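The values are calculated or read from the model by the stated rules, or taken from the named source; none is laboratory data. Keep in mind it's a predicted model, so treat the numbers as computed, not measured. Every residue, glycine as well, gets a Cβ built from its backbone with ideal geometry; the counts of neighbours run over all protein chains shown.
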Amino acid sequence: MIITVDPEASEEAVRTILEVAAQHPGITPRKYDYRGANTTVTEIHLIGPAEIIRTIPEKLFSELPGVRSVLRVSTRYRLIGRHGQKHQSPGFEYNGVAFDESRVHLFAGLCAVDTPENVGKMMSELAANGITTTRMGAYKPRTSPYDFQGLGKECLPWTFELAGKHGIKIVAMEVTNERQIEEIQDALRASGNATGVMLQVGTRNAQNFELLKALGQQGTFPVLFKRGMGITLEESLNACEYIASEGNPQIVFCLRGVKTHLGDPHRNMVDFAHVPVVRRQTKLPVCVDPSHSVGRLDRAPDHLFDIFHVVGQGVICGASMVLVDFHPDPKTALCDGAQALRLEQLPLLVEYVNKVRAAYEDVCAAAAQA
Ligand code: PEP
Ligand code: MN
């Protein structure tokens with residue numbers, strides 16, 4: 001059972017709800033605060049055997065002061081689930097950047113960090129376009145063991161220092177094990193917290209439960225979870241529930257295409273029609289990754305890259321974040337150069353994202369009146 005507390009409820013009201021819940025033997029009430037940029041939503045979850053929870057009348061809580069709603073939920077997506085609630089979910093704020101349903105952030109950057117020169121050029125172009133979020137892979141799990149595996153912890157000090165220099169607030173960066181989380185923590189501290197990091201779970205690790213638990217147990221970094229390329233949406237959402245159930249609700253769910261040759265010639269089958277599905281089923285802000293979905297730089301007869309068209313699909317569906325590969329010189333990139341946009345293409349992408357987002361907001365406002 002989930003009791004959602006009114007945003008205006010007093011501390012005493014919250015205490016009373018917890019006390020009433022604790023009166024039931026075998027039930028542990030647990031309080032969760034979802035802190036967004038504009039609102040904080042507090043929920044009290046009744047944890048215990050379903051047989052006991054079933055016997056507790058909803059009225060016991062719905063009539064208490066400060067209670068907004070009482071929901072009986074199945075254990076499915078207990079923490080990340082939206083459970084039919086219509087109000088905007090609060091999302092979360094990290095390092096001064098808000099992730100919620102009311103805005104979209106462009107994380108443009110290098111698939112893999114290679115040289116300080118390229119990282120510096122990328123970040124300076126982001127700064128020139130007013131962007132404070134980027135992607136920079138230091139640890140790269142690759143299909144072949146003979147491919148470039150990323151520079152690892154060696155590149156963290158100068159990557160973070162350059163991020164700080166260019167006003168970057170968040171760097172999205174994949175990790176594949178707990179040791180890498182510690183390396184990032186140490187390097188960030190040594191840089192005087194020059195920037196922030198969003199830890200990425202790659203598609204190949206979507207069901208690496210020990211990694212998911214470790215990401216849930218650390219309370220420092222938000223997590224960008226990339227949908228498993230060959231598992232169902234439900235399985236990927238359950239993986240996010242692992243992260244949340246270990247204590248970290250700051251998760252962004254990223255769609256990045258699914259693996260099937262039915263998507264040829266694209267690298268993966270674009271799955272951005274799932275943006276509204278994930279938004280309906282969960283409270284998580286949704287990201288789309290057009291680069292790893294499309295995987296190539298073809299242009300349609302309208303002059304736009306397929307990647308742009310797919311960015312548009314994600315943003316028009318209400319995505320809160322877009323992850324795009326760039327490189328100052330794609331032909332020398334050590335990873336995924338074939339899908340990397342050039343820095344000169346950033347201003348047009350920014351304009352395109354803003355225009356599509358504005359169209360999305362207009363049509364949502366019209367739909368609300370209809
Ligand atoms: C990436 O974003 O660099 C990446 C490897 O993505 P994915 O895990 O979705 O393939
Ligand atoms: Mn890549």
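So how many residues does the stretch 35-61 have that are under 18 Å from GLU93 (Cα atoms) and in contact with a Gly (Cβ under 8 Å, 6 or more places away or on another chain)?
2
Mind checking which residues of the stretch 287-315 are among the hydrophobic types (A, V, I, L, M, F, W, C), over 17 Å from PHE99 (Cα atoms) and assigned to a helix (DSSP H, G or I)? Walk me through how you get there before you give the answer.
From the stretch 287-315, those among the hydrophobic types (A, V, I, L, M, F, W, C) are 287-288, 294, 297, 300, 304-305, 307-308, 310-311, 315; that's our starting set.
If we keep only those that are over 17 Å from PHE99 (Cα atoms) as well, we get 294, 297, 300, 304-305, 307-308, 310-311.
Across the stretch 287-315, the qualifying residues are VAL294, ILE307, PHE308, VAL310, VAL311.
Filter the stretch 260-273 for residues that are in contact (Cβ under 8 Å) with a residue 40 or more places away in the chain and outside any loop (DSSP other than H, G, I, E, B); which is surrounded by the most Cβ atoms within 10 Å (Cβ to Cβ)?
Taking the stretch 260-273 as the starting set, the residues that turn out to be in contact (Cβ under 8 Å) with a residue 40 or more places away in the chain are 266-267, 270-273.
Subset that is outside any loop (DSSP other than H, G, I, E, B): 272-273.
Details: PHE272: 23, ALA273: 11.
Checked the stretch 260-273; the qualifying residue surrounded by the most Cβ atoms within 10 Å (Cβ to Cβ) is PHE272.
Within the stretch 311-340, can you find the residues that are among the aliphatic types (A, V, I, L, M) and closer than 20 Å to THR133 by Cα? Outline the logic, then answer.
So the first thing to find is which residues in the stretch 311-340 are among the aliphatic types (A, V, I, L, M), and the list is 311, 315-316, 319, 321-324, 333-334, 338, 340.
The answer is VAL311, VAL315, ALA319, MET321, VAL322, LEU323, VAL324, ALA340.
Here is a yes/no grid of residues against (1) surrounded by 23 or more Cβ atoms within 10 Å (Cβ to Cβ); (2) in contact with a helix residue (DSSP H, G or I) (Cβ under 6 Å, 6 or more places away or on another chain); (3) not in a helix (DSSP H, G or I); (4) not aliphatic (A, V, I, L, M):
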{"position": "ALA98", "(1), (2), (3), (4)": "no, no, yes, no"}
{"position": "GLU101", "(1), (2), (3), (4)": "no, no, yes, yes"}
{"position": "PHE107", "(1), (2), (3), (4)": "yes, no, yes, yes"}
{"position": "ASP114", "(1), (2), (3), (4)": "no, no, yes, yes"}
{"position": "GLU117", "(1), (2), (3), (4)": "no, no, no, yes"}
{"position": "LYS121", "(1), (2), (3), (4)": "no, no, no, yes"}
{"position": "GLU125", "(1), (2), (3), (4)": "no, yes, no, yes"}
{"position": "GLY130", "(1), (2), (3), (4)": "no, no, yes, yes"}
{"position": "ARG135", "(1), (2), (3), (4)": "yes, no, yes, yes"}
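Does ALA127 fit the bill of being within 16 Å of ligand 2 (Cβ to nearest atom), touching a residue at least 24 places away in the same chain (Cβ under 8 Å) and of a type outside the set (Phe, Trp, Tyr)? Before you say what the answer is, go through the steps one by one.
Numbers: within 16 Å of ligand 2 (Cβ to nearest atom): no; touching a residue at least 24 places away in the same chain (Cβ under 8 Å): yes; of a type outside the set (Phe, Trp, Tyr): yes.
Spelling it out, it is not the case that ALA127 is within 16 Å of ligand 2 (Cβ to nearest atom), touching a residue at least 24 places away in the same chain (Cβ under 8 Å) and of a type outside the set (Phe, Trp, Tyr).
Sort through LEU323, LEU284, LEU346 and tell me the only one that's part of a strand (DSSP E or B) and crowded, with 20+ Cβ neighbours inside 10 Å. Break it down stepwise before answering.
Details: LEU284 fails: part of a strand (DSSP E or B); LEU346 fails: part of a strand (DSSP E or B).
On inspection, the qualifying residue turns out to be LEU323.
Enumerate the pairs (first residue in the stretch 55-81 and of a type in the set (S, T, N, Q); second residue anywhere and part of a loop (DSSP other than H, G, I, E, B)) with beta-carbon separation below 8 Å, excluding pairs fewer than 6 apart on the same chain, so at least 6 apart or on different chains.
SER69/GLN85
Being more than 14 Å from ligand 1 (Cβ to nearest atom) and of a type in the set (D, E, K, R) is the filter here, so list the residues in the stretch 169-223 that pass it.
The answer is LYS169, GLU178, ARG179, GLU182, GLU183, ASP186, ARG189, GLU210, LYS213.
Can you go through PHE209, PHE148 and tell me which one is surrounded by fewer than 21 Cβ atoms within 10 Å (Cβ to Cβ) and within 16 Å of ligand 2 (Cβ to nearest atom)? Steps first, please.
On the way: PHE209 fails: within 16 Å of ligand 2 (Cβ to nearest atom).
Testing whether each residue is surrounded by fewer than 21 Cβ atoms within 10 Å (Cβ to Cβ) and within 16 Å of ligand 2 (Cβ to nearest atom) leaves just PHE148.
Have a look at ASP298, ASP289 and point out the one that is within 16 Å of ligand 2 (Cβ to nearest atom) and either buried (at least 19 other Cβ atoms within 10 Å of the Cβ) or free of Cβ contacts under 8 Å to residues at least 60 places away in the same chain (or both). Talk me through it step by step, then tell me what you get.
Values: ASP298 fails: within 16 Å of ligand 2 (Cβ to nearest atom).
Checking each option against the conditions leaves just ASP289.
All but one of (1) within 15 Å of ligand 1 (Cβ to nearest atom); (2) of a type in the set (Ser, Thr, Tyr); (3) touching a Gly at 6+ places or on another chain (Cβ under 8 Å) hold for THR132; which doesn't?
So the condition that THR132 fails would be (1).
Determine the pairs where a residue that is at positive phi, located within the stretch 14-27, has a partner that is buried (at least 16 other Cβ atoms within 10 Å of the Cβ) with Cβ atoms under 7 Å apart, the partner being 6 or more residues away or on another chain.
What qualifies is GLY26/GLY48.
Could you check how many residues of the stretch 46-67 are part of a loop (DSSP other than H, G, I, E, B) and either modelled with pLDDT of 90 or more or on the phi > 0 side of the Ramachandran plot (or both)? Don't jump to the end; show me each part of the working.
Restricting attention to the stretch 46-67, the residues satisfying the condition of being part of a loop (DSSP other than H, G, I, E, B) are 48-49, 55-58, 63-66.
This time we only want the ones that are either modelled with pLDDT of 90 or more or on the phi > 0 side of the Ramachandran plot (or both), so: 48, 55-58, 63-66.
Residues in the stretch 46-67 being part of a loop (DSSP other than H, G, I, E, B) and either modelled with pLDDT of 90 or more or on the phi > 0 side of the Ramachandran plot (or both): 9 in total.
Residues to consider are GLU19, GLU8, GLU12, GLU43; find the one that is among the acidic types (Asp, Glu), exposed (fewer than 15 other Cβ atoms within 10 Å of the Cβ), modelled with pLDDT of 90 or more and not in a helix (DSSP H, G or I).
Values: GLU19 fails: not in a helix (DSSP H, G or I); GLU12 fails: not in a helix (DSSP H, G or I); GLU43 fails: exposed (fewer than 15 other Cβ atoms within 10 Å of the Cβ).
Sole residue among the options that is among the acidic types (Asp, Glu), exposed (fewer than 15 other Cβ atoms within 10 Å of the Cβ), modelled with pLDDT of 90 or more and not in a helix (DSSP H, G or I): GLU8.
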